[in-house]
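Peer 1: Below is the structure I would like to discuss, written out as structure tokens.
The values are calculated or read from the model by the stated rules, or taken from the named source; none is laboratory data. Worth saying up front: this structure is predicted, and the values here are computed from it rather than measured. Cβ atoms come from the backbone with ideal geometry, glycine included; neighbour counts cover every protein chain shown. Accessible surface areas use protein heavy atoms only, side chains included; no ligands, DNA or RNA. Shrake-Rupley method; radii C 1.70, N 1.55, O 1.52, S 1.80 Å.
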Amino acid sequence: MNESILIVDDEKEIADLLEIYLKNDGYIVHKFYTGAEALTCIQTTSLDLAIIDVMLPDVDGFSICQRIRETFYYPVIMLTAKIADEDKIMGLTIGADDYITKPFNPLEVVARVKTQLRRYTSYNALADKRMTNTNEYDIRGLSINRNTHKCFLYGKEIALTPIEFAILWYLCEHQGTVVSSEELFEAVWGEKYFNNNNTVMAHIGRLREKMNESARKPKFIVNVWGVGYTIEK
């Protein structure tokens with residue numbers, strides 16, 4: 001195992017407890033109580049996953065997540081005492097992969113960590129090994145290449161997380177076909193979709209933001225209301 005995990009939470013008891021549980025499962029843990037220390041770690045340490053508290057005394061967790069997503073693709077799990085859906089959607093739209101509300105069972109966090117790491121490594125392995133008719137699509141100035149794992153819009157590179165890349169690739173792969181949220185979620189996440197799941201919508205919103213797309217007049221990812229999403233031919 002030996003994956004490296006970042007924990008940043010100003011509640012010492014929570015951070016210490018998570019450290020104990022994760023170390024017991026064989027993970028290498030980098031634990032901090034402030035955002036500034038975590039940001040230094042992010043830039044100097046090879047990490048496989050980050051667990052970030054939203055409310056920190058200096059730098060908020062959303063800002064740390066955004067900084068991670070400027071460079072890295074590894075999973076990010078947000079911790080918060082807030083329960084509003086708006087906060088959860090915000091976390092997902094800035095690039096977080098999961099969102100856990102306090103108080104929580106530390107065993108649940110360990111299980112979520114394992115799920116995110118398994119999904120991350122499985123997706124990368126699948127992207128490397130799966131064979132299809134093409135490894136690149138170029139659609140009206142949108143270019144996406146599975147071999148290099150890079151995406152360009154009108155010649156400018158777009159930094160995508162593995163999940164965002166997988167969503168966009170799947171839509172390009174099914175260009176001209178309307179893909180339901182259920183199909184997209186189960187294809188990308190590999191889990192059962194539930195009707196109240198806003199994860200796909202949040203990630204589509206983040207993709208559109210990175211592509212400078214208007215939800216009302218999109219040039220690429222079109223929402224077919226009540227059906228799903230499509231990239232038109």
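Peer 1: Scan the stretch 200-216 for residues that are within 19 Å of the chain's Cα centre (by Cα) and of a type in the set (D, E, K, R) and report the count.
Peer 2: Going through the stretch 200-216 one residue at a time, the tally reaches 4.
Peer 1: For the stretch 1-16, give me each residue that is open to solvent by 50 Å² or more (accessible area, probe 1.4 Å) and under 16 Å from THR80 (Cα atoms).
Peer 2: Answer for the stretch 1-16, where residues must be open to solvent by 50 Å² or more (accessible area, probe 1.4 Å) and under 16 Å from THR80 (Cα atoms): ASP10, GLU11, LYS12, GLU13.
Peer 1: Given the residues ASP48, ASP10, which is the only one that is modelled with pLDDT under 95 and either hydrophobic (A, V, I, L, M, F, W, C) or touching a helix residue (DSSP H, G or I) at 6+ places or on another chain (Cβ under 8 Å) (or both)?
Peer 2: ASP48
Peer 1: Pick from the stretch 112-121 the residues that are open to solvent by 50 Å² or more (accessible area, probe 1.4 Å) and farther than 20 Å from ALA159 by Cα: which of them is modelled with the lowest pLDDT?
Peer 2: So the residue we want is ARG118.
Peer 1: Search the stretch 53-84 for residues being part of a loop (DSSP other than H, G, I, E, B) and among the hydrophobic types (A, V, I, L, M, F, W, C), and hand back the single one that is least open to solvent (accessible area, probe 1.4 Å).
Peer 2: By that ranking, first place goes to VAL54.
Peer 1: Considering only the stretch 190-218, state which residues are modelled with pLDDT under 80 and under 23 Å from ARG118 (Cβ atoms).
Peer 2: Across the stretch 190-218, the qualifying residues are GLY190, GLU191, LYS192, TYR193, PHE194, ASN197, ASN198.
Peer 1: Something else: Hand me the list of helices (runs of 4 or more DSSP H) wholly inside the stretch 130-229 holding 1 or more residues that are in contact (Cβ under 8 Å) with a residue 60 or more places away in the chain and open to solvent by 70 Å² or more (accessible area, probe 1.4 Å).
Peer 2: The qualifying helices (runs of 4 or more DSSP H) are 199-210.
Peer 1: Further question on the same structure: Taking the stretch 141-180, which residues are within 16 Å of MET201 (Cα to Cα), aliphatic (A, V, I, L, M) and over 18 Å from the mean Cα position of the chain (by Cα)?
Peer 2: VAL178, VAL179
Peer 1: Is it the case that LEU92 is part of a helix (DSSP H, G or I), at pLDDT 75 or above, surrounded by 15 or more Cβ atoms within 10 Å (Cβ to Cβ) and of a type outside the set (D, E, K, R)?
Peer 2: no
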